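Below is one structure, written out as structure tokens, with a few remarks after it.
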């Protein structure tokens, strides 16, 4: 079959890039012709680039940081060009979207109506997709609270999809409440099809920091834990002045290599946790409001709750989480088999 994957594949975001790539490669490995459906939007690109150069707003990036973020942006665009892309089409008018035998929407926050620039785009809910069958794989509603319910027009779009698979409990509740159906639970593509990466070769052991607007209490505990273990701290992708080194210009391949080579990871991001799990690295995560649903549900799904910490918890939790990777091999194997069976069914 010719299979089109519809997701946020042009985001300047490590997780978005890798989940798109891992999913399309995982489908291709089953013998199908798999492409990323290459949507474009000037408005989205403008927002994406503004965020890429100024990720710490309201604090503005200095001139040198802007230069380094520009290097990061170029590295992402080099990686995008190497992806298997369809002919381009307008995000807001998918009539020129190339036809495929099966469209797979997801992963990422494709079902989040509150996403800053993709929220409310009907194409990610199946409208206008040129395929006889349309499904989702590892779709997420992000920080959209399931208790709020969906307006009838959005619930109707979900109900018209041929099959739905989600990656977190919050999204499962959104789908269940809107359609009365029980969607499948599957793994994020990075966990389902982990990339093969050569670990970064650094001169000394290091703890990788991934995130921005990291709370002061979390930064202090991470610094203390790293100092006690004799680790440098490297901040990847975003500036965190308290870290020993800033790798602002890292592209998606450098990011993955840095995670793979780290002694441990401290993060506020969903894919900071996902990559740590995929590469068997110890990690500790502090949730933000925007990412609370995703971090809570991921750690609960895998039984890795001890790697999620909060300000009112003992500071020693951070060091304990960084000393040993999550013991999740059996649960990961179970979920990979479950995800593989579901994907095999829709690709049959």
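The values are calculated or read from the model by the stated rules, or taken from the named source; none is laboratory data. Remember, it's a predicted structure, so these values are computed and weren't measured experimentally. Virtual Cβ from ideal backbone geometry, glycine too; neighbours counted across all protein chains shown.
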Candidates 295, 301, filtered to the one that is under 17 Å from the mean Cα position of the chain (by Cα), touching a residue at least 12 places away in the same chain (Cβ under 8 Å) and farther than 19 Å from residue 22 by Cβ: 295
Residue 111 being buried (at least 21 other Cβ atoms within 10 Å of the Cβ), modelled with pLDDT of 95 or more and in contact with a helix residue (DSSP H, G or I) (Cβ under 9 Å, 6 or more places away or on another chain): yes
Residue 191, sole failed condition from (1) in contact with a helix residue (DSSP H, G or I) (Cβ under 6 Å, 6 or more places away or on another chain); (2) assigned to a helix (DSSP H, G or I); (3) farther than 28 Å from residue 167 by Cβ: (3)
Evaluation of residue 31 against (1) in a helix (DSSP H, G or I); (2) over 22 Å from residue 125 (Cα atoms) (one fails), failing number: (1)
Evaluation of residue 59 against (1) free of Cβ contacts under 8 Å to residues at least 12 places away in the same chain; (2) part of a helix (DSSP H, G or I) (one fails), failing number: (2)
Single residue of 203, 199 found to be modelled with pLDDT under 95, surrounded by fewer than 21 Cβ atoms within 10 Å (Cβ to Cβ) and farther than 18 Å from residue 112 by Cα: 203
Single match in 243, 250 (criterion: assigned to a loop (DSSP other than H, G, I, E, B), buried (at least 22 other Cβ atoms within 10 Å of the Cβ) and in contact (Cβ under 8 Å) with a residue 60 or more places away in the chain): 250
Residues (in contact with a helix residue (DSSP H, G or I) (Cβ under 8 Å, 6 or more places away or on another chain) and in a loop (DSSP other than H, G, I, E, B)) located in region 308-348: 309, 311, 315, 325, 326, 328
Total residues in region 45-103, condition under 23 Å from the mean Cα position of the chain (by Cα) and either over 30 Å from residue 161 (Cα atoms) or loosely packed, with under 12 Cβ neighbours inside 10 Å (or both): 24
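Quick one: in region 265-279, of everything that is assigned to a helix (DSSP H, G or I) and in contact with a strand residue (DSSP E or B) (Cβ under 6 Å, 6 or more places away or on another chain), which residue is nearest to residue 305 (Cα to Cα)?
Once the filter is applied, the top-ranked residue is 273.
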Test result for residue 145, out of contact with any helix residue (DSSP H, G or I) (no Cβ under 7 Å at 6 or more places or on another chain), surrounded by fewer than 20 Cβ atoms within 10 Å (Cβ to Cβ) and touching a residue at least 12 places away in the same chain (Cβ under 8 Å): yes
Residue among 313, 296, 336 that is over 21 Å from residue 52 (Cα atoms) and surrounded by fewer than 16 Cβ atoms within 10 Å (Cβ to Cβ): 313
Pairs with Cβ under 7 Å, 6+ apart, first in region 214-231 and assigned to a helix (DSSP H, G or I), second surrounded by fewer than 20 Cβ atoms within 10 Å (Cβ to Cβ): 217/311; 219/242; 221/315; 223/242; 225/319; 228/319
Qualifying residues in region 164-192 (those that are farther than 17 Å from residue 293 by Cβ and more than 20 Å from the chain's Cα centre (by Cα)) - the one surrounded by the most Cβ atoms within 10 Å (Cβ to Cβ): 179
